[in-house]
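Each remark here refers to the structure printed beneath this line.
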Amino acid sequence: MPSLVGLFTGLEVDRFPSDPQRFSVFAALSNGRGKGKIELVSTRLDTDEMIYSKTGEVSFPDPLKVVNVMFRIRNIVFPDRGNYEFVLLVDGDMIAHCRLRVYKPE
C-alpha cells in the first residue's frame, strides 16, 4: 500500500545552478500489456532543454491491475529558476506528465 507524503509542485533552492536535488517520482499505472521500456524525462519549459533522463523496465501482468512505479531521483541539477516538466513514457509513448516550479527565495 503506497503512502505519499510530502507532495509538492514547487521546489526552493539556494542558488543556480542548484545543488544536486533528491526526491522521488511516483505513478500508478494501468491498462498496459506485457513488458516495456519506461523513461522519465525532465525538460526546461522555457528552452525545451532536457536536463534529466532515467530509464527502466516495467511489466504489466494484466491490463486491469495497477502497477506502481517509483523513480528515485538522486542527482538532478536545475540550471535556472523556472518551470520544468517531467514526462513519463512507456515504449516512447507519453503516459503522464507534471510540472515543477523551481525558485530561489526572495
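Just so it is clear, none of the values below were taken in a lab; they were calculated from the coordinates. Please read all numbers here as calculations on a predicted model, not as lab measurements. Quick reminder, even Gly has a Cβ in these numbers, built from the backbone with ideal geometry, and neighbours come from all protein chains shown.
Each peptide in 62-75, 86-99 was scored by the mean count of other Cβ atoms within 10 Å over its residues; highest first, the order is 86-99, 62-75. Taking a sphere under 14 Å around the Cβ of LEU11 and counting the other residues whose Cβ falls inside, with K and R at +1 and D and E at -1, yields a net charge of +2. Would you work out which of PHE71, LEU89, THR9 lies farthest towards the positive end of the dipole of the chain, given +1 charges on the beta-carbon of Lys and Arg and -1 on that of Asp and Glu, about the Cα centre? Final value for the positive-end residue is PHE71.
Would you tally the net charge around SER24, using a Cβ to Cβ cut-off of less than 10 Å, leaving SER24 out, and scoring K and R as +1, D and E as -1? Around SER24, the surrounding residues sum to +3. The length gained by stretching the chain between ARG99 and LYS65 to full extension, at 0.36 nm per residue less their Cα-Cα distance, is 9.6 nm.
Return, ordered by residue number, the residues of the range 30-54 whose backbone nitrogen is under 17 Å from a label point located 7 Å along Cα→Cβ of LEU11. Hits in the range 30-54 for LEU11 at 17 Å: 40-54. Peptide packing for 5-13, 22-30 was compared via the average number of neighbouring C-beta atoms within 10 Å per residue; ordered from the highest value, the list is 22-30, 5-13. Decide, for the range 1-47, between rounded, prolate and oblate: order the square roots of the alpha carbon gyration tensor eigenvalues as a ≥ b ≥ c, take rounded if a/c falls under 1.5, and otherwise choose prolate if a/b is larger than b/c, else oblate. Oblate.
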